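Everything on this sheet refers to the single structure shown next.
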Amino acid sequence: MSKTFTPSIATPAVITANDLRMGHCVWMRDGGWTADPREAQLFEDEAIAEIAMLDAIGQANLVVGPYLAEARRGPDGRPEPTHFREAFRRRGPSNYFHGIQAELEASNV
């Protein structure tokens, strides 16, 4: 999946992908990848984002499907998702045992 918007000060972005070996979501930060989206590098410049995307695409031995995801700067200066899809992705895989599955299991104990 790729985004067609252009990162700018008005619409910053982060680069996200999936870890090739573990499958979980990762975000690009200065010097590598992190599982913590709050550590992601926030891109506000189109040219720098394009170079970073090329770098991400070149790391096919580490990640799958890198793309730009719109983000905003949170109150603490760290990136926050602007779209619900990215908010879901940062909480982890949907096959984790949580939510209604965990509640139903706990009520049957």
Ordering of 52-63, 11-22, 36-47 by burial proxy (mean other Cβ atoms within 10 Å per residue, highest first): 11-22, 36-47, 52-63
Region 30-95 - accessible surface per residue (Å², probe 1.4 Å): 63
Cut-off under 5 Å, modelled amide H: who pairs with GLN41 long-range: ILE15, MET28, ARG29, ASP30
Length added when fully stretched, GLU46-THR11, from 0.36 nm per residue minus Cα-Cα: 11.6 nm
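Work out, step by step, the length gained on full extension between HIS83 and GLU103: first 0.36 nm times the residue separation, then minus their alpha carbon distance; give nm to one decimal. Write out the running numbers ahead of the final one.
Working: separation 20, 0.36 × 20 = 7.20 nm, distance 2.65 nm.
Full extension from HIS83 to GLU103 adds 4.5 nm.
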Cα Rg over Rh - region 13-62, Kirkwood: 0.94
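The values are calculated or read from the model by the stated rules, or taken from the named source; none is laboratory data. Nothing here was measured: the structure is a model prediction, and the numbers come from that model. Ideal geometry is used to build each Cβ from the backbone, glycine not excepted, and the neighbour counts take in all protein chains shown. Heavy atoms of the whole protein, side chains included, go into the accessibility calculation; ligands, DNA and RNA do not. Shrake-Rupley method; radii C 1.70, N 1.55, O 1.52, S 1.80 Å.
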